[in-house]
Amino acid sequence: MTAASSDLTPLLNPRSIAVIGATNRPGRAGRIIFEQLRRAAVPLFPVNPGESDVLGAPAYPDVKALPEGIDLAVIAIGAEGAVKAAEACGRKSIPHLIVVAGGFRESGPEGEALEARLAALPRRFGSRVLGPNTLGIFLPHSRLDTLFVEHGDKALARGGGAAFISQSGSVGVEALGLASNTGFGMRAFVGLGNACDLDEIDFLHHFADDDGTTCIAFYMESMGDGRRFLAAARKASLRKPVVALKAGRSAAGASAVVSHTGRLAGSDRVVSGAFRQFGVQRVMDDEALCDAAKTLSMLRPPKGNRVAVVTPAGGYGVMAADYTTLSRESVGLRMARLSPETENRIRNISLPYASSRNPVDLTASANDRMVGETLDALLNDPGVDLILCIAFFAPPAITDAMIDEIARRAVATDKPVIVFTQYGPFTEDYLRRFHRLGVVGFPSIQRAVRAARFLVERAGIIRRLNLP
């Protein structure tokens, strides 16, 4: 069975789930996983020889006693027992398994031998394995959740378009938890763990074909088959953005990858060149990975790189111009030159001491209407490709109604509108409110400008990959 032909539907949209190691004992992984899976509208079958029932559901003594036709088994017991249970699931013809336990290849020769038995399951029985040493999956739209650590599930419950595939469960859940504070639309989270069978290529194929996914993001420490991954990434990137954080760039980091996953990290310079050639947008830290996935999953790429800035605070307009034009990043941005018609329109909208040139400074005397009508003028200017809107709530005539003024225009245009806002302890709340209305926003001017670069970079990838 090849990655391209793997059907991941029973894994990501199961009709029934067995939880091996489900228990009534509080704090155990099997208890947490079983509790979370009860939120999904899927029949659950706990397996535990020491329990007659788990949270009211009749328990089964072993895998053999389970009914036929189960799509997914989540195995939440220790390594040696997990392998035996996985083999029993294979004999039961359960098509997909999630093996939570650690203590495999990363732990030494004995663990490596156990993992080899798991890796043989697809060949022996046809069962596909996610893991071992994995947190599993979280799909907000179906409430399917096997993550037994805190992961911002309530904040991410609204769902979205970003599929997040991580070789490190902790990096994935911590990054997403932080991103969810200001709004992040997640289609799916997949923790690959040791990837003894299902790997990044399997999920790249799946989410490339998934209509609900609008961006695919990876945290990677190694690539099992770099050539196949890059070929799949190029094909996927023709349809939707593919973003990757490839760790292990330094000698010390590469050494840490070996102890973490048991795999080699690969040459960092080669990785950068290959990603660029095959349409993968590379980022260098977890914040950038989440920001890129958020931006690229929600906004279309612009036609060019000309940025217009509107602000009620002149100093931030100056900083926005600096970050836009002085950066040494490979993706260039430039400040848009507004047409005389646009400048005249803004003068008629704003107060006499406001600046109608780019960056447009409406001053602290701005009101909600001025912000909205200035956005109209900038959106109608053919010399503007994308807009950075600095939304501050401190000016006395600015109210919460400005959120709707901005959102109504941002979601109705093909030109990307990115918001930067700060309002002390209320910043995250305002950003979440923007996000719920479909607006991309950030709590710093640098991150907002960087988001514009992600979009311009994506536009360049589309042009390059579509060349004959």
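Details
- Applying the Karplus relation 6.51 cos²θ - 1.76 cosθ + 1.60 with θ = phi - 60° to segment 84-98 yields 3J(HN,Hα) values of 4, 5, 5, 5, 5, 5, x, 5, 7, 6, 7, x, 9, 10, 10 Hz, where x marks Gly and Pro.
- Principal axis extents of the Cα atoms in segment 164-203, from largest to smallest and rounded to whole angstrom, are 35, 18, 8.
- Against the main long axis of the alpha-carbon atoms of the chain, helix 286-298 sits at an angle near 70°.
- Multiplying the residue separation of residue 357 and residue 327 by 0.36 nm and subtracting their alpha-carbon distance yields 8.7 nm.
- Ranked packing of 341-350, 137-146, most packed first, by mean Cβ within 10 Å: 137-146, 341-350
- For segment 1-133: rounded, prolate or oblate by the Cα gyration tensor [a/c cutoff 1.5]: oblate
- Cα gyration tensor, segment 146-230 - rounded (a/c under 1.5), prolate or oblate: oblate
- Taking the chain and dividing mean pair separation by its residue count, relative contact order in percent (alpha carbons under 8 Å, at least six apart): 11 percent
- Fully extending the segment from residue 142 to residue 53, taken as 0.36 nm per residue of separation minus the present Cα-Cα distance, adds 29.5 nm.
- Protection proxy ranking, peptides 121-132, 269-280, 288-299, average beta carbon neighbours within 10 Å, highest first: 288-299, 121-132, 269-280
- When DSSP beta bridges are restricted to pairs lying wholly in the chain, around 10% turn out antiparallel.
- By DSSP, the beta bridges lying fully in segment 1-133 are antiparallel in about 10 percent of cases.
- The packing ranking, built from the mean of other Cβ atoms within 10 Å per residue, places the peptides 160-168, 385-393 in the order 160-168, 385-393, highest first.
- Which labelled figure in [x] 74, 42, 38; [y] 86, 67, 43; [z] 80, 48, 38 is Cα extents along the principal axes in Å, once derived from the coordinates: [z]
- Extension gain (nm, one decimal) between residue 154 and residue 347, 0.36 nm per residue minus Cα-Cα: 65.0 nm
Computed from the coordinates by the stated procedures, all read-outs in this text should not be read as laboratory data. It should be emphasised that the depicted structure is a prediction, and the values quoted were computed from it without experimental measurement. Reconstructed Cβ throughout: ideal geometry from the backbone, glycine too, with neighbour counts over all protein chains shown.
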